[in-house]
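First up is the structure itself, then whatever we jot down about it.
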Amino acid sequence: MSQQIIAADRLMDEALIEKCLSFLNVQTSSAVTYKNNVKAFFEYLYIHGISQPQSEHVFEYRNSLIKTGKKPSTVRAYLIALRIFFRWAAHEGIYDDIAAYVRVRNQDYGHRRDALTEHQVHDLLEGIDRRTLRGLRNYAILMVMVIGGLRCVEISRAKIGDFRRRGRSIVLYVHGKGHEDSGVEYVKLPHMARQALRVYLKRRGIVEENAPLFASTGNRGTGSSHLSTREISRIVKNALINAGYNSDRLCAHSLRHTAVTLALKGGEGLEAVKEFARHKSLNTTLIYSHVIDRENCTCSQTIERMIFGGRKKRKKAKTSPAKA
């Protein structure tokens, strides 16, 4: 294929990127990320005076991202965006797939956030002042997140009408990550979680079904404004600090980690937990299982006992009266 020269000072024609994203049919939030990540590469080309990028420039770009201290997950995201874009460009006959052979580093398994213990969850919830509407709302948010394993974006998108009955259960339909509409996925809400929601909604008063389930309670808050994911993260972080758990490894996403971890520790099967957490792959759920297995591992104690336990017995045998 003969390459079409793309001027780096144009940062790649944005219409071309839009066309690629339209072809891929990705969600709006993902499209913005992909677009910014592709544009970052062409900004790099512009700065370095490269008008016709080749494969070696992609490798140099990857190395520059690493040298500037970007996290492996961030580098991976940038490179995946490039691979998607140039694969599409090659398919359309626009440009060679110069990113085809760039190595995308696998993310480390495990979590950078800690889960809470049962006792810590109790402390977290008990630390919420439920005498105000805001306190009742925050208590309900934390309860639903830790029992339902919801993400911040799912809490932010939830509507009044998503909290309803399904068969014999009371559920909350989820506007999940990567999904614009609800109505497919849901989480069951047991007694404590649904009670927290009902008390909050009763105090809040009558609102329409399309109103946000968790609304702003500020001076201008009328129940019609959704909480942003940043506001939800702040609510959880403040609650953690108030409960005495001020750690960089504890944040809003820790509540989801807690839900999945406790479900597995409580004896739920991997497939059941995968469905509950709405993981696309069982491998994601297995990460939690491996973490729990590592916590329960007694290999070090066994090794210590084999080395020092046996040594103590031999020592005792040397001073035994029978040997005197």
For the residue 80, residue 230 Cβ pair and Förster radius 25 Å, calculated FRET efficiency rounded to 0.05 is 0.50
Residue 226 neighbourhood, Cβ < 10 Å, K/R = +1, D/E = -1, net charge +1
In nm, the gap between the two label points placed 7 Å beyond Cα toward Cβ at residue 271 and residue 129 is 4.9
In order over region 254-266: 3J(HN,Hα) from phi, Karplus 6.51/-1.76/1.60, θ = phi - 60°, whole Hz, x for each Gly or Pro, gives 4, 5, 5, 4, 4, 4, 5, 5, 5, 4, 5, 5, x
With 0.36 nm assigned to each residue of separation and the Cα-Cα distance removed, residue 294 to residue 56 gains 81.6 nm
By accessible area (1.4 Å), largest first, 287, 206 order as 206, 287
Over 28 Å (Cα to Cα) among 159/280; 35/274; 70/265; 237/265; 202/265 -> 35/274; 70/265; 202/265
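The values are calculated or read from the model by the stated rules, or taken from the named source; none is laboratory data. Keep in mind that this is a model prediction, so the values were computed, not measured. Here the Cβ is made from the backbone with ideal geometry for all residues, glycine too, and neighbour counts use every protein chain on show. Accessible surface areas use protein heavy atoms only, side chains included; no ligands, DNA or RNA. Shrake-Rupley method; radii C 1.70, N 1.55, O 1.52, S 1.80 Å.
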